[in-house]
Amino acid sequence: MLKTANIDELENKKISKLLWQYALPAIVGTMVNALYNIIDRIYIGHGPNLGDHAIGGLGIVLPVMNLTAAVGMLVGAGSASRISICLGRGDKETAEKIIGNSFLMTILLTGTLVTLLFMFLDPILMRIGATEETFPYAKEFLLYYLPGNIFLTMCFNFNSMMRASGYPTKAMYTMLIGVVANIIIAPIFIFILEWGIKGAAIATIISMFIGLCFVMFHFMNKNSMLRLRRKNITLNSKIVWAIVSIGLSPFFIQVAASAVAFIINSRLKLFGGNIAIEAFAIANTLVMIIIMIMVGLTQGMQPIVGYNYGAKRINRVKETLNYTIKVGVIIGCIGLGFGLVLPHFVVMPFNPSPPLAAESAKALRIITMMLPLVGFQIVVTNFFQCIGMAAKSIFLSLTRQFLLLMPALFILPHFFQLDGVWFSLPAADFLATVVTALMFIWQIKKFQKMETAELL
């Protein structure tokens, strides 16, 4: 059996301390993509000759950025889960093969997606809600951002695997390096060189590359427990399927989120025009931060649950799940508090015009209503992914995005106009939580039977 100090912690350390040890770096990792966009929005809001429409343009491109990040979820999350299970079984050789396969898969999948996006960029932007005023900003950003997206995708993937192999703090620092670089570089390009939206995109790409360099150095280092070896950079059908079978869950979640964002923007364009799209770009920032924190929390849960499930320590799996749910709900309550009590505090950094500020605050109060329930929902959905039950995780995520939210977006606006678009989000969250709770109760009963059988 493979044993290191990090693996011993997964078996024996107190769950609350262990979860935060892994979750804090994971939260930084999941928020990086969002933080790049948020930082750019804030700078653009204050940039020369930019303003509300430029913020709207960045809001339009976020679903496209999330779509490219879906590749990172497919490969990175799937690889990390499989690595945790392999380490729980003491199989280091297979874990390193997973790393090599993940490297090649990331290059091929990201390259294919970026090429397709370039081919159909104009019609895609118009379909997802770009207007005559926001289209030039959205297109200019993506023309510079998309070629460098491979840096972010690769960085995300290898950070996930770094956490799974027992280096959560190091993973956090490597991701933070890129964000800090963006905070420094972006204002130089936007304010000093006056490159505008183009400067924001170029600064983001450079920052991504800096972060990737630090991540790859870890996996090239002879002292790392798991390494990227040339002989493993290949495509093994069994390993590829093992990665994809788990990674499909977060991949579909991300793709569904992008698809829904496309629809939301188009409905906002129809019922509210530019100001509604721009308000969503601002208001959704808080929701995006809270969701990314929750997803990072569950990624911190992943190596703990994955290892102990592989080692058949069911009681420790249950303890981790219950504690993570509590934390997820608390995080949701914090987001709800900001949305209801301090909406103008959230809106202010983006320097919006008074009408846009008012609409953004109104949207915030509505779309944050169910965030505490979302905390429960996200933890349970990702838990099924952690233990290899990808089908259940996919079902829960698609239920919220397609079976519930999509119909709401087309039904409620006919009765309540723009408010109907806003209220579609909390309505879908509530109904999705009910479905998630039923599956959660069923799984807990199954665990109880497994524990009883183990005792006998």
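Points to keep in mind about this one:
- Ratio Rg/Rh [Cα only; Rh per Kirkwood] for region 184-286: 1.12
- Nearest-ten-degree value, helix 314-341 long axis tilted from longest Cα axis of the chain: 10
- Per residue, the convex hull around the alpha carbon atoms of region 359-403 comes to 75 Å³.
- In plain terms, the residue of K231, K392 with the fewest other Cβ atoms within 10 Å comes first and the most crowded comes last, giving K231, K392.
- Charge-dipole axis of region 5-455 as Lys and Arg at +1 and Asp and Glu at -1 on Cβ define it, positive-most pick from W195, A54, L438: L438
- Legend: translational diffusion of region 325-379 by Stokes-Einstein, Rh = Kirkwood radius over C-alpha pairs, 10 °C, 1.306 mPa s; D = 137 µm²/s.
- For the chain, the fraction of alpha-carbon pairs in successive 20 Å shells from zero, as %: 26, 58, 16, 0
- The fewest-to-most ranking of C86, C386, C333 by surrounding Cβ atoms within 10 Å reads C333, C86, C386.
- Taking F350, F447, F251 and counting other C-beta atoms within 10 Å, the order from fewest to most: F447, F350, F251
- Summarised as an ellipsoid, region 81-138 has semi-axes of 41, 13, 7 Å, derived from the eigenvalues of the Cα gyration tensor scaled by 5 and square-rooted, with the largest first.
- For region 203-245, the share of alpha carbon pairs falling in successive 10 Å distance bins from zero is 23, 32, 37, 7 percent.
- Under the simplified labelling scheme, the L235-I444 pair shows an inter-label distance of 4.3 nm, with each label point 7 Å from Cα along Cα→Cβ.
- Averaging 1/r across all pairs of distinct Cα atoms in region 297-439 and inverting the result yields a Kirkwood radius of 16.6 Å.
- Each Cα pair under 8 Å and six or more residues apart adds its sequence gap; the mean of these over the residue count of the chain is a relative contact order of 24 percent.
- Pairwise centroid distance, computed over Cα atoms, of region 228-293 with region 159-216, Å: 19
- Magnitude of the charge dipole, the chain, Cβ model with Lys/Arg +1 and Asp/Glu -1, debye to 20: 1760
- Alpha-carbon spread of region 46-172, three principal axes, descending order, Å: 57, 31, 19
- When the convex hull of its Cα atoms is projected in every direction, mean area for region 115-267 (nm²): 11.4
- Considering only P25, G100, V347, the residue lying farthest towards the positive end of the dipole of region 5-455 is G100, judged by Cα position with unit charges set on Cβ.
- Label-zone membership for region 344-386, site C333, 7 angstrom Cα→C-beta point, backbone N under 11 Å: 372
- Cut-off of 10 Å, at most 12 other beta carbons, DSSP loop: longest stretch of the chain lacking such GluC sites (Glu not before Pro): 195-456
- In degrees, nearest ten, helix 168-187 long axis to first principal axis of the chain (Cα): 20
Values in this text are rule-based calculations from the coordinates and carry no lab data. This structure is a prediction, so every number in the text was calculated from the model and none was measured. So basically every Cβ, Gly included, is an ideal-geometry build from the backbone, and we count neighbours across all protein chains shown.
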